[in-house]
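As structure tokens, the structure follows; a few thoughts come after it.
FYI, it's all coordinate maths here, none of it is from the lab. Quantities reported herein were computed from a predicted structural model and do not represent experimental measurements. Here Cβ is always computed from backbone atoms with ideal geometry, including for glycine, and neighbour counts include all displayed protein chains.
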């Protein structure tokens with residue numbers, strides 16, 4: 001029986017900073033089946049990198065914990081869920097604000113959520129103090145080539 | 001990271017040769033600050049030609065180096081920044097103090 005999703009993957013890793021690259025590259029490789037443009041792929045990699053970094057720095061405050069990623073594909077949309085069991089976000093509204101950071105001493109720019117929100121089509125934040133944070137992001141990948149092909153077929157058909 | 005100091009122009013060229021994220025910025029920050037404080041350049045030029053990926057950690061990193069250079073009387077510029085990375089710098093407003101220039 002066909003499920004709700006056409007494809008799905010799960011990834012779990014320790015909250016170590018050298019896993020930031022591992023996480024974004026893995027999600028990008030999974031997203032590649034939607035045939036995204038280089039720009040769309042860069043957007044996904046950046047958004048994943050932001051969320052994973054937030055879990056490491058803010059969720060676990062550099063202590064060891066586990067970060068989980070579930071990515072799902074349905075039609076031309078990729079949904080990416082990134083969760084941790086860290087300390088949670090005290091004020092989600094504040095965290096979403098551009099340039100706001102709770103850790104300015106670490107040279108953090110406070111642009112993490114702003115980047116996620118502008119690079120992805122949807123970003124949801126669920127956070128419970130003491131339990132953790134879950135970020136769910138969606139991005140629609142436009143099917144460029146097929147669109148071109150359809151157009152070509154139309155042109156051929158019209159002849 | 002590779003760097004070169006051009007004495008006659010008091011120009012410090014810093015070429016970043018890896019992806020920029022929270023993990024890599026610690027090393028880049030340390031090495032760049034080391035070179036800036038050592039040469040006290042009039043201008044620091046960051047070359048991004050070898051940088052294929054950057055997230056918001058790069059914004060904090062470049063502002064931090066601007067602060068170091070500025071304290072010692074220098075300015076900071078960037079060159080060869082790919083469109084996907086330029087987009088991130090544009091969003092942060094950092095280009096007002098650290099401009100992009102054409103490659104030299």
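Summary of values
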| read-out | value |
| --- | --- |
| Whichever residue in region B:27-50 is within 26 Å of residue A:54 (Cβ to Cβ) and surrounded by fewer than 19 Cβ atoms within 10 Å (Cβ to Cβ) and, among such residues, is farthest from the other protein chains (Cβ to nearest Cβ) | B:31 |
| Within region A:13-65, tally of residues that are surrounded by fewer than 21 Cβ atoms within 10 Å (Cβ to Cβ), at the interface with another protein chain (Cβ under 9 Å from one of its Cβ atoms) and within 15 Å of residue A:83 (Cα to Cα) | 2 |
| Positions within region B:72-104 being facing another protein chain (nearest Cβ under 9 Å), out of contact with any strand residue (DSSP E or B) (no Cβ under 7 Å at 6 or more places or on another chain) and under 18 Å from residue B:14 (Cβ atoms), in sequence order | B:82, B:94 |
| Region B:4-19, residues that are surrounded by 18 or more Cβ atoms within 10 Å (Cβ to Cβ) and under 11 Å from the mean Cα position of the chain (by Cα) | B:12, B:13, B:14, B:16 |
| Enumeration of residues in region B:52-71 that are surrounded by fewer than 22 Cβ atoms within 10 Å (Cβ to Cβ), in contact with a strand residue (DSSP E or B) (Cβ under 9 Å, 6 or more places away or on another chain) and assigned to a loop (DSSP other than H, G, I, E, B) | B:53 |
| The lone exception for residue B:45 - which of (1) assigned to a strand (DSSP E or B); (2) closer than 16 Å to residue B:81 by Cβ; (3) touching a helix residue (DSSP H, G or I) at 6+ places or on another chain (Cβ under 9 Å) it fails | (3) |
| Residue in region A:99-106 that is in contact with a strand residue (DSSP E or B) (Cβ under 9 Å, 6 or more places away or on another chain) and either farther than 22 Å from residue A:128 by Cβ or within 14 Å of another protein chain (Cβ to nearest Cβ) (or both) present | no |
| Matching residues in region A:66-92 - criterion: being surrounded by fewer than 16 Cβ atoms within 10 Å (Cβ to Cβ) and closer than 16 Å to residue A:132 by Cα | A:66, A:90, A:91, A:92 |
| Tally, over region B:1-26, of residues that are away from chain A (no Cβ under 11 Å) and either closer than 27 Å to residue A:112 by Cα or part of a helix (DSSP H, G or I) (or both) | 5 |
